[in-house]
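The block underneath contains the structure these notes are about, expressed in structure tokens.
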Amino acid sequence: MTPSLRIDLNKIEHNARVIVGLCQEHGIAVSGVTKCVCGHPEIAKAMLRGGVKSIADSRLENIRRMQAADVETSFELIRLPPLSAAAEVVETTKLSLNSEVAVLTALSDAAVEAGKIHDVVLMVDLGDLREGMWPDELLPVARDALRLPGIRIAGIGANLGCFAGIEPSAENLQLLADLADEVERECGIKLDRISGHNSSGLELIASGKAPTKINHARIGEAILLGRETTHRRPLPDTFQDAFELKAEVLELKQKPSQPIGKCAEDAFGHRPEFADCGEILRALLNVGREDIQLSGIVPRDSRLSILGASSGYLALDASAAQDKIRVGEEVSFDVNYGALLRAMTSEFVKKQLEHDSA
Ligand SMILES: *Cc1c(COP(=O)(O)O)cnc(C)c1O
């Protein structure tokens, strides 16, 4: 059945093993991040076989799905917990990333109620301007957190390269390392986890230039797609093709390359423009914007090029592959992070697990 996403679990396990090995050499433990694959239990298990220490996800629904499928590990919530769901967070996860005292208080109350201790990582914003407190807030918040009986400060962390695409550097990560020293000294505690890396940090780690105080990484894309995330460069000895999107040719017709009639907005509010290359062989496939991010897929056959998509159709120029392409044939694509996320989220894309290669 198409559209489908072929998922090669051995390649994911291999990638995890390579990344965990690289991090280990530099004293860094790895949590495998499953949010991009909607907490798919078999993918989480492949990451764990590859050596990640725990599984981190941004959504409680995903974490519950993995727990229900007997993924055995400790689970971490890496999106800030909602104040309104503190009890669910404590019930479902061992650890969460936090930046608000009100939420820490609610987590503590919920943990006391449940007879648990909930671990928190206090997040600092190093300039990427997504989650985290400004560095000068950290110490006062840590002091407040120390007074809350239901939580334990497991560490501090930062996330770079996501919202604003700010690259991790020896300098901005040194700030995190210095803050960790300060919290340990001023609060008289030892932090287990200085969690400063995600997939964007792997080249810095490999270069040996990352501050050695940073001892934890939360890694998703590098394990799934074998790339670091600042320039999307392939990482040594990893697979970039653990996922293969397949869609089927529904219609194959010789038609003009330019539309006929007065051009207004398309279904998504854009005014598309099409180059005039005369008549071309147009293939219409059964995958669309509901299932993928258009800019994030690349046909594996380089003779095919993407013309556009609506919610349920993808149009290709198949002129250069005339001899090969037929109605009913499956066409394969590589996916990037955004397209993978969308494909995993779409219930219309069948997930096919494979264990054969690598
Ligand atoms: C998504 C996310 C990660 C993982 O990022 P990758 O680039 O996929 O490695 C790590 N930390 C946080 C807080 C995240 O939201």
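Using the structure shown, decide if residue 292 is more than 16 Å from the ligand (Cβ to nearest atom), assigned to a loop (DSSP other than H, G, I, E, B) and touching a strand residue (DSSP E or B) at 6+ places or on another chain (Cβ under 8 Å). Yes: the conditions hold for residue 292. Residues in the range 287-323 that are touching a residue at least 40 places away in the same chain (Cβ under 8 Å) and crowded, with 20+ Cβ neighbours inside 10 Å: 287, 291, 292, 297, 314, 318. For the range 62-78, the set of residues classified as of a type in the set (Gly, Ala, Ser) and closer than 15 Å to residue 37 by Cβ consists of 69 only. Could you list, in sequence order, the residues of the range 80-91 that are exposed (fewer than 15 other Cβ atoms within 10 Å of the Cβ) and either within 14 Å of the ligand (Cβ to nearest atom) or not in a loop (DSSP other than H, G, I, E, B) (or both)? 83, 84, listed by residue number. Report yes if residue 274 is surrounded by fewer than 18 Cβ atoms within 10 Å (Cβ to Cβ) and on the phi < 0 side of the Ramachandran plot, otherwise no. Spelling it out, residue 274 is indeed surrounded by fewer than 18 Cβ atoms within 10 Å (Cβ to Cβ) and on the phi < 0 side of the Ramachandran plot. Please work out if residue 21 is more than 14 Å from the ligand (Cβ to nearest atom), farther than 26 Å from residue 140 by Cβ and either without any contact (Cβ under 8 Å) to a residue 12 or more places away in the chain or not in a helix (DSSP H, G or I) (or both). Here the answer is no, as residue 21 does not meet what is asked.
In this structure, is residue 45 charged (D, E, K, R), within 30 Å of residue 208 (Cα to Cα) and touching a residue at least 12 places away in the same chain (Cβ under 8 Å)? So residue 45 passes the test.
Got a number for residues in the range 134-149 being farther than 14 Å from residue 183 by Cα and either among the polar types (S, T, N, Q) or buried (at least 17 other Cβ atoms within 10 Å of the Cβ) (or both)? Total satisfying the criteria: 1.
Go through the range 103-133 and give me each residue that's crowded, with 17+ Cβ neighbours inside 10 Å and among the charged types (D, E, K, R). Listed by number, the residues that qualify are 109, 119, 125, 128, 131. You will find that of 321, 264, the residue that is modelled with pLDDT under 90 and aliphatic (A, V, I, L, M) is 264 and no other.
The set of residues in the range 48-92 that are within 26 Å of residue 21 (Cβ to Cβ), charged (D, E, K, R) and free of Cβ contacts under 8 Å to residues at least 40 places away in the same chain comprises 49, 53, 57, 72.
Of the residues making up the range 98-157, those that are in a strand (DSSP E or B) and either polar (S, T, N, Q) or within 16 Å of the ligand (Cβ to nearest atom) (or both) are 98, 119, 120, 121, 122, 123, 124, 133, 154, 155, 156, 157. Screening residue 63 against (1) more than 12 Å from the ligand (Cβ to nearest atom); (2) surrounded by fewer than 22 Cβ atoms within 10 Å (Cβ to Cβ) leaves a single unmet condition, (2). Among the residues here, residue 287 does not qualify as part of a strand (DSSP E or B) and in contact with a Leu (Cβ under 8 Å, 6 or more places away or on another chain). Checking the stated criteria, residue 143 turns out not to satisfy the condition of being touching a strand residue (DSSP E or B) at 6+ places or on another chain (Cβ under 9 Å) and charged (D, E, K, R). Meeting the requirement of 2 or more residues that are within 16 Å of the ligand (Cβ to nearest atom) and of a type in the set (Asp, Glu), no strands (runs of 3 or more DSSP E) wholly within the range 306-358 can be named.
The strands (runs of 3 or more DSSP E) located wholly in the range 162-269 that include 3 or more residues which are away from the ligand (no atom under 15 Å from the Cβ), in contact (Cβ under 8 Å) with a residue 24 or more places away in the chain and surrounded by fewer than 18 Cβ atoms within 10 Å (Cβ to Cβ) occupy 243-256.
The values are calculated or read from the model by the stated rules, or taken from the named source; none is laboratory data. These numbers were taken from a predicted model, which means no experiment stands behind them. Positions of Cβ are backbone-derived with ideal geometry, glycine not excepted, and every protein chain shown enters the neighbour counts.
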